[in-house]
1. Before we move on, is Asp157 part of a helix (DSSP H, G or I), over 30 Å from Ile331 (Cα atoms) and at pLDDT 70 or above?
2. Look through Val236, Val242, Val314, Val284 and report the one residue that is part of a loop (DSSP other than H, G, I, E, B) and not charged (D, E, K, R).
3. Assuming Gln234 fulfils every condition listed in (1) surrounded by fewer than 16 Cβ atoms within 10 Å (Cβ to Cβ); (2) in contact with a helix residue (DSSP H, G or I) (Cβ under 6 Å, 6 or more places away or on another chain) apart from one, which condition is it?
4. So which residues in segment 93-107 are under 11 Å from Pro52 (Cβ atoms), without any contact (Cβ under 8 Å) to a residue 40 or more places away in the chain and either among the basic types (Lys, Arg) or surrounded by 14 or more Cβ atoms within 10 Å (Cβ to Cβ) (or both), if there are any at all?
5. List, please: which pairs have Cβ atoms under 8 Å, are six or more places apart or on different chains, and start with a residue in segment 275-294 that is free of Cβ contacts under 8 Å to residues at least 12 places away in the same chain and end with one that is among the hydrophobic types (A, V, I, L, M, F, W, C) and surrounded by 14 or more Cβ atoms within 10 Å (Cβ to Cβ)?
6. With Ala313, Ala288, Ala355 as the choices, which residue is more than 18 Å from the chain's Cα centre (by Cα) and at pLDDT below 90?
7. Tally time: how many residues in segment 6-27 are surrounded by 15 or more Cβ atoms within 10 Å (Cβ to Cβ) and modelled with pLDDT of 80 or more?
8. Among the hydroxyl-bearing types (Ser, Thr, Tyr), assigned by TED's automatic domain parsing to the domain that holds Ile265 and surrounded by fewer than 15 Cβ atoms within 10 Å (Cβ to Cβ): does that describe Tyr336?
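The values are calculated or read from the model by the stated rules, or taken from the named source; none is laboratory data. Quick caveat, the model's predicted, so the values are computed rather than measured. A quick note on method: Cβ atoms are made from the backbone with ideal geometry, for glycine too, and the neighbour counts reach across all protein chains shown.
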Amino acid sequence: MFLHIFKYELKNGLRTKDLIIWLILFPILLGTCFKIAFGSIYEKTEKFRSIPVAVVDDGDNAAFRQVIESIESADEPFLKATFTDKEKAEKMLDDGDVEGIIFTADKLSLTVKEKGIKETMLKSFVEQYTVREKIVMDAINTAPEKAQEVIASLTSDTASSCKEIPLTQGNPDPYVQYFYNLIAMVAMFGSITGMHITIQNQADLSPLGARNNCSPAPKSISIAACLAGSYIMQTVCMINCVTFLAFVLKVDFGDRLWLVYPSAILGGILGVSFGFFVGSIARVSIKAKTAILMSVSMALCFCSGLMVGNMKAVIAGKIPWFNNINPAAVISDSFYCLNIYEDYDRFISKLITMAVTSAAFIVLGFVISRRKKYASI
């Protein structure tokens with residue numbers, strides 16, 4: 001009996017338009033829009049790139065040229081220098097092609113057009129080089145035989161003076177959180193399939209529910225088979241969503257993509273269980289239940305940061321405990337923990353939270369659904 005109901009639940013799910021639209025097509029469309037809107041913002045505005053600078057060199061400062069060449073030989077160089085004359089350098093600065101001009105004649109000097117982080121970094125570099133150059137010249141005057149050794153030391157120290165020290169081995173792009181919340185939204189939309197389970201097993205909501213209540217199959221077996229079928233369908237939708245984001249849109253989930261899938265699947269189970277529980281307690285029509293679930297799901301996703309990126313942080317500052325019970329926030333946080341933190345403690349805690357919450361929703365939904373009796377069918 002279980003397998004029979006399970007088979008028809010899968011067939012019914014494949015024929016459900018809500019499943020195809022909200023759990024498959026809509027995430028693809030929204031994910032594509034997110035990629036277009038946020039895909040290159042971090043690369044263009046926040047990720048550090050080599051600072052373009054013009055160098056007006058009269059040819060007498062060989063040590064400085066050697067330092068610049070050593071810096072540019074790095075994998076991610078701090079500077080990208082263009083050696084040119086004064087007139088072309090000033091034109092490049094006016095056109096915005098370079099951030100500053102370094103003059104090597106007599107005393108090393110810097111000319112910039114604006115004030116900012118890059119200009120400050122250039123100023124610090126020039127000042128540091130000037131100090132070390134004085135040290136070299138003093139060493140040359142006192143011990144000429146050690147001149148090459150001192151210059152080599154200056155070159156290596158200056159070339160390594162600016163190093164990128166990553167805070168995490170994962171993807172530091174802050175806009176990737178929108179894709180985390182997109183997956184959480186798909187998981188929460190699974191609540192619609194969970195709600196249909198109660199509709200199919202409540203005689204006062206649909207003709208199918210009335211027939212199921214008249215059938216000899218125990219209600220617990222019928223609900224369990226429907227839940228299993230819904231979980232399978234939701235799992236397929238979650239795998240489809242993650243695969244599309246990771247391999248089609250090329251969203252960087254870090255170096256542990258294989259763990260994103262079980263986290264997304266467990267999130268989908270949580271969404272279905274949530275819909276099953278809410279559908280069991282609400283004594284309203286199908287349309288009203290659908291409206292309630294969609295509204296609640298979107299509100300939870302909004303609080304998780306789907307529409308406003310820093311909303312989760314705002315809520316954490318005002319209501320710290322809410323993010324711990326918000327299913328959408330817990331699901332998106334599991335991806336964040338997996339990407340950012342090297343250990344698995346926080347990630348495992350999120351998985352445990354999802355599993356315990358899902359189990360609670362299932363148990364409560366079973367208890368409420370089995371206690372419903374009807375005077376006549």
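1. On the way: part of a helix (DSSP H, G or I): yes; over 30 Å from Ile331 (Cα atoms): yes; at pLDDT 70 or above: no.
No, not satisfied.
2. Numbers: Val236 fails: part of a loop (DSSP other than H, G, I, E, B); Val242 fails: part of a loop (DSSP other than H, G, I, E, B); Val314 fails: part of a loop (DSSP other than H, G, I, E, B).
Of Val236, Val242, Val314, Val284, the one residue that is part of a loop (DSSP other than H, G, I, E, B) and not charged (D, E, K, R) is Val284.
3. All conditions are met except number (1).
4. Selection gives Leu93 alone.
5. Note: pairs meeting the criteria are Ala282/Ile292; Val284/Ile292; Ala288/Ala282.
6. Values: Ala313 fails: more than 18 Å from the chain's Cα centre (by Cα); Ala355 fails: at pLDDT below 90.
Exactly one of Ala313, Ala288, Ala355 is more than 18 Å from the chain's Cα centre (by Cα) and at pLDDT below 90, namely Ala288.
7. 5
8. Numbers: among the hydroxyl-bearing types (Ser, Thr, Tyr): yes; assigned by TED's automatic domain parsing to the domain that holds Ile265: yes; surrounded by fewer than 15 Cβ atoms within 10 Å (Cβ to Cβ): no.
Taking the combined requirement at face value, the residue does not satisfy it.
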